[in-house]
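Take a look at the structure below.
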Amino acid sequence: ELLKGKGFLFCVERIKGLIEIAKTNLSSQKFRNYKIINEDGSKGLSKEAPFDRIIVAASAKKLPEELMGELKIGGLMVVPVGDELLSIRRKSKDDFEKKFEAFVSFVSLFES
């Protein structure tokens with residue numbers, strides 16, 4: 001959908017060197033609808049919420065409540081917590097379906 005102009009991608013990264021890699025990767029794939037933001041993503045991106053999908057690429061110590069709150073109803077988040085990969089679907093304002101997907105190993109999420 002992103003290539004067809006129907007969606008928008010926000011990339012949140014705190015490490016400047018990884019931002020340059022993301023820019024290169026996205027432009028080489030001809031993505032058009034994206035914005036890369038240089039900040040700590042562990043607290044979410046409330047100015048742009050709610051989101052249809054959230055993908056977290058670093059392991060959190062606990063389920064990130066802030067990010068869960070930024071999902072649209074029906075939205076899906078995939079997040080590593082400790083050594084478990086979880087999928088979280090928002091069913092209603094206060095109801096979330098949590099599902100174990102796999103055991104994984106990710107770098108730790110920097111939480112300020």
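Can you spot a residue in the stretch 27-36 that is among the hydrophobic types (A, V, I, L, M, F, W, C), under 17 Å from L109 (Cβ atoms) and open to solvent by 40 Å² or more (accessible area, probe 1.4 Å)?
Scanning the stretch 27-36 turns up no residue that is among the hydrophobic types (A, V, I, L, M, F, W, C), under 17 Å from L109 (Cβ atoms) and open to solvent by 40 Å² or more (accessible area, probe 1.4 Å).
Tallying residues that are closer than 17 Å to I54 by Cα, open to solvent by less than 40 Å² (accessible area, probe 1.4 Å) and not small (G, A, S) within the stretch 77-108 yields 8.
If you go through the stretch 1-54 and keep only what is of a type in the set (K, R) and either farther than 24 Å from S92 by Cα or touching a Cys at 6+ places or on another chain (Cβ under 8 Å) (or both), you end up with K4, K6, R14, K16, K23, K30, R32, K35. Where the second residue is open to solvent by 50 Å² or more (accessible area, probe 1.4 Å) and part of a strand (DSSP E or B) and the first is at pLDDT below 90 and lies in the stretch 11-27, which pairs have Cβ atoms under 6 Å and are six or more apart or on separate chains? Listed by first residue and then by second, the contacts come to L26/Y34.
Would you be able to tell me the number of residues in the stretch 56-91 that are part of a strand (DSSP E or B), modelled with pLDDT of 95 or more and of a type outside the set (S, T, Y)? The total comes to 17. If you go through the stretch 17-71 one residue at a time, how many are of a type in the set (K, R), farther than 21 Å from E101 by Cα and touching a strand residue (DSSP E or B) at 6+ places or on another chain (Cβ under 7 Å)? Total meeting the criteria: 2. Of all the listed residues (S46, S59), the sole one being within 20 Å of F8 (Cβ to Cβ) and touching a residue at least 24 places away in the same chain (Cβ under 8 Å) is S46. Restricting the first member to the stretch 73-96 and to residues that are acidic (D, E), and the second to residues that are modelled with pLDDT under 95 and open to solvent by 40 Å² or more (accessible area, probe 1.4 Å), the beta-carbon pairs closer than 9 Å and six or more apart or on different chains are D83/S105; D83/F106. For the stretch 92-112, a tally of residues being in a strand (DSSP E or B) and of a type outside the set (S, T, Y) returns 8.
Here's the yes/no breakdown for (1) surrounded by 14 or more Cβ atoms within 10 Å (Cβ to Cβ); (2) in contact with a helix residue (DSSP H, G or I) (Cβ under 8 Å, 6 or more places away or on another chain):
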{"residue": "C11", "(1), (2)": "yes, yes"}
{"residue": "E20", "(1), (2)": "no, no"}
{"residue": "G44", "(1), (2)": "yes, yes"}
{"residue": "G75", "(1), (2)": "yes, no"}
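The values are calculated or read from the model by the stated rules, or taken from the named source; none is laboratory data. Just so it is clear, the structure is predicted and the values come from calculations on it, not from any experiment. Glycine also receives a Cβ, built like all others from the backbone with ideal geometry; neighbour counts cover every protein chain displayed. Just so you know, the surface numbers come from the protein's heavy atoms only, side chains and all, with ligands and any DNA or RNA stripped out. Shrake-Rupley method; radii C 1.70, N 1.55, O 1.52, S 1.80 Å.
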